Amino acid sequence: MMTSAPIVIRPIQHGDIPAYWAALDAVARERRYFTWEQGPPVPGTASFVAENIECGNPHVVALDGDHLVGWCDIVRQKRVFAHVGVLGIGIIASHRGRGIGRQLLASAIGLAWQAGLKRVELEVYATNLNAIHLYEQFGFRLEGTRRLGARLEDDLVDVHGMGLLAPGIGGDEPPRGPV
């Protein structure tokens, strides 16, 4: 049973894996936010969480009492992209609209900068206006759109790529590289 206590945001722990998987599965089954239609296999989810913990990737969860109601992870990329993290976030339907996404994002992005990441990026369906608005409030910028890049049920939708640079990186500078 969920309590009226404040939502607690904290780093994920190995013991959270079953509840984390259940939340992933619940959001995936809505078929509105993810590319998958159900939670990924539990062993893969357990490996994902363990690797995030081991590598120091920001991965936080939201708890309402002892019930896991949301998460946000930022996975550091490899090799020449090791300064970049890819963001994933989800909140179960019963807890949306309460500011939990804002709390999760603030925590995970703060941890990303502490971990030395210089850029956080994400993909979001153009139909997910609430998420887009939240990302924009945090300073994410639209960097490109894959027109009709995904199929949600019977609808083809655009997929936006958004990015956020670490403080002091110079987000208003022109693109770098050969001209």
For the chain, calculated [θ]222 nm from helices alone, where every DSSP H run of n ≥ 4 adds -39500 (n - 2.57):
-9000 deg cm²/dmol
HN-Hα couplings for region 59-65 via Karplus (6.51, -1.76, 1.60; θ = phi - 60°), in whole Hz with x for Gly/Pro, come out as 8, 10, 10, 10, 10, 10, x
Can you work out the accessible area per residue across the chain, with the rest of the protein chains kept in place, probe 1.4 Å, in square angstrom?
58 Å²
Here the convex hull volume per residue of region 1-151, taken over Cα atoms and given in Å³, is 121 Å³
Note, ³J(HN,Hα) from phi for region 37-50, Karplus 6.51, -1.76, 1.60, rounded to Hz, x at Gly and Pro:
9, 7, x, x, x, 4, x, x, 5, 4, 5, 4, 5, 4
For region 31-103, calculate the relative contact order in percent as a whole number, restricting contacts to Cα pairs under 8 Å that are 6 or more residues apart.
19 percent
Can you pull the one-decimal nm distance between simple spin-label points at Leu156 and Arg29, each 7 Å off the Cα toward Cβ?
3.1 nm
Sorted by accessible area with a 1.4 angstrom probe, largest first, how do Arg10, Arg146, Arg96 fall?
Arg146, Arg96, Arg10
How large is the charge dipole for the chain, taken about the Cα centre, if only the Cβ atoms of Lys, Arg (+1) and Asp, Glu (-1) carry charge, to the nearest 20 debye?
360 debye
Three-way shape call for region 1-59 based on the alpha-carbon gyration tensor, with the a/c threshold at 1.5
oblate
In the chain, carbon and sulfur make up what percent of the accessible area (probe 1.4 Å)?
55 percent
Summarise the long-distance tail of P(r) for region 64-123 by giving the % of C-alpha pairs beyond 19 Å.
35 percent
Once amide H atoms are placed 1.01 Å from N in the peptide plane, what residues at a sequence separation of 5 or more from Gly149, or on another chain, have their amide H within under 5 Å of its amide H?
Val157, Asp158, Val159
What are the ³J(HN,Hα) couplings of region 24-33, residue after residue, when phi is run through the Karplus curve with 6.51, -1.76, 1.60 and θ = phi - 60°? Round to Hz, x for glycine and proline.
4, 4, 4, 5, 4, 5, 5, 6, 10, 10
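The values are calculated or read from the model by the stated rules, or taken from the named source; none is laboratory data. For clarity, every value in this text was computed on a predicted model and none was experimentally measured. Methodologically, a virtual Cβ is constructed for each residue, glycine included, from the backbone with ideal geometry; neighbour enumeration extends over all protein chains shown. Side chains are part of the model used for accessible areas, which takes the heavy atoms of the whole protein and leaves out ligands, DNA and RNA. Shrake-Rupley method; radii C 1.70, N 1.55, O 1.52, S 1.80 Å.
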